[in-house]
1. Probe of 1.4 angstrom, ligands and nucleic acids ignored: what's the accessible area per residue over segment 37-123, in square angstrom?
2. For T113, list long-range residues whose amide hydrogen, built 1.01 Å from N in the peptide plane, is under 5 Å from its own amide hydrogen.
3. Between segment 423-451 and segment 275-305, how many Å separate their Cα centres?
4. Of K249, K474, which has the most accessible area with a 1.4 Å probe, and how do the rest follow in descending order?
5. Heavy-atom accessible area of V195 with all protein chains present, probe 1.4 Å, nearest 10 Å²?
6. Ordering V382, V78, V330 from largest to smallest accessible area (1.4 angstrom probe), what's the sequence?
7. Could you do me a favour and compute the accessible area per residue for segment 340-433, 1.4 Å probe, result in Å²?
8. Let me spell out the model: positive unit charges on the Cβ of Lys and Arg, negative unit charges on the Cβ of Asp and Glu, origin at the Cα centre of segment 61-213. What dipole size does that give, in debye rounded to 20?
Amino acid sequence: MTLRISRPAALTSLAFALATAYAHAEPVAGTVLVTATRSPQALADVISDSVTIGAEQIAQSGAGSILDLLQRQRGIEVARNGGSGTNSTVFIRGANSNQNIVLVDGVRIGSSTTGAANWSAVPLTAIDHIEIVYGPLSSLYGADAIGGVIQIFTKKGKGAPALTAFAGYGTDNTREADATISGATGGDHSVGYAVSVGKEKSDGFSATRPGSSSYNADKDGYDRENASGQFSMRLAEGHEAGVLFMHSKLDSQYDNGSSAYDVRSNAKLENGAVYSKNQILPAWQSLLQYSQTKDEGATYSSAAASGYSQINTKQTDFSWQNDVQIGADVLQLLYDHRKEEVQSNGSALLNRDRITNSYAVSYNARRGANLLNAGIRRDNSVYGSKNTGSLGYGYAFTQQLRATASYGTSFRAPTYNELYYPQFGNPNNKPEQGKNAEVGLHYDNGMTALGASYYHNRLTDLLVNTNPCPFGSKDYPFGCAYNVNHALLEGLTLSASQKLGSFNFSANADLQDPKDETTNKRLQRRAKKHGNLAAEYSTGTVNAGVEVELSGDRYDDAANKNRLGGYGLVNLYASYRFNSDWSALVRWNNVGDKRYDLARNYATPMGKVFAGIRYGYK
């Protein structure tokens, strides 16, 4: 399909969604989101397009990894260099991994050298729920929030003591087990606690295919273990202090030719935070948080000393957020201090730190059927000072139906690789910049949900590998990172779901045109059309469903010469609840044993079956 998203076509689709939505009029229970405004807000008051993946959805889906879960959401595409333990990329509305932000309980994770989070190291077993907010959020979160923000929330303690546990086994000798204990003591000084541990191990399959220069027929497995926890204490009415942490270690194999050497990588992801939440005045709530994240990665590509590489990122952050209630409105004042440090055994040029000081103001208001939010932020760092802003408006036609429109600016800071890596980076590189405008319609009455969003996100000063390098070919014989290209991320996202008795049907589709306007080529590994279909049957005892994942063709290179064909996958899953404490699940992915590509010459899973038993999930 040759696609050019035209404004008339987009508005026609929105008008169709509006007309359809008026056919229903029943109230819907509210859902609360945090990520869209950095504080709890009812979904009905959220202007940004967003998705929440709840704990029950995660448990019943039987998803094998967080990437499997994300790929079923609208606006999300995934690329992976082999199996579950290998290097992965998540695209949000066509924006690359380093143009999106990932948070775990409000703590930012990711590598300062690549600018992206290590998705393979993020454990699904530690997650309670996930929020995805689409569109630029630099006015709230600073650098890199061009395509959106994904926030992962780990399990939190409340109520009576509870134990949950899970064990499962599947194809490729995949074994998984996890357990969580949580609760709260109650009383005036209640202590909440939740601790989770988990382990997953698989023999895997060959990460590459014949024809790749790295091909090796051996299996490339992985071993992932994790622990996470949250502890909080109610000091007095309106005052709480707490600590949280997450630790994940991933050992995975990959291919680097026919050598018998065990080529592998080790990744360690650690984050922790202490916080104090205080109701200083009836209309003034303060949140102080100190956090630290470590992203450590080592590769062993050969037995020679030169085959070992180690790059570690440490990010330390101090933030002070103040939410001031002004009638029904909220004024938010934020200060953020972020320090990034990199240590590498390969190049001393990467061994340095970078400090960013940020100040932000936002205002959220509701006047009858009218919603308004506005925000500005200033980030000061080695790349200079960057100002970003956002303005959003929403109108609620009914309790179930609202229209939204927004405009926002964003930027991506150059990574350490783009600034300092030998024969590639240059300290004179500037941040990428984005300007996004979008409109949307959203309807939800508890039984029927419809959504449509059209976005137009123009990026300038895009950092790409430029050859010959403008800084000179002597120091950059193979090209360099340079701010030269412009890109346009434009698209229409449609979603729908319908409950009919014990059945739930859902669908989403993205029609997009992620294009490098300088070369007039499509951006790598992004399709012009992709979507998902699902049907689920659920009673108090049985839950069963079918999923269909669809994607159009993509290109594996910037020149658009290496085409990756489109594909369609069918997945089946079912769970059975024996009683209030015990349940079992089985999942069969890629039922048709379909061969497909997410990256050129890298293998993808064929048909895989996984079954497990769970105790204690309520």
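The values are calculated or read from the model by the stated rules, or taken from the named source; none is laboratory data. Note that the coordinates shown come from a computational prediction; the quantities given were computed from them, not determined experimentally. Neighbour counts run over all protein chains shown; Cβ positions are idealised from the backbone, glycine included. These area figures cover heavy atoms from the full protein model, side chains too; ligands, DNA and RNA do not enter into them. Shrake-Rupley method; radii C 1.70, N 1.55, O 1.52, S 1.80 Å.
1. Value returned for segment 37-123: 23 Å² of accessible area per residue.
2. Here Y416 satisfy the definition.
3. Here the two parts' Cα centres lie 24 Å apart.
4. Numbers: K249 80, K474 185 Å².
If we order K249, K474 from most to least accessible, we get K474, K249.
5. Its accessible surface works out to 50 Å², give or take rounding.
6. Numbers: V382 95, V78 15, V330 35 Å².
The ranking, largest first, comes out as V382, V330, V78.
7. Working: 4280 Å² over 94 residues.
Accessible area per residue: 46 Å².
8. With only Lys, Arg, Asp and Glu charged at Cβ, the dipole is about 160 debye.
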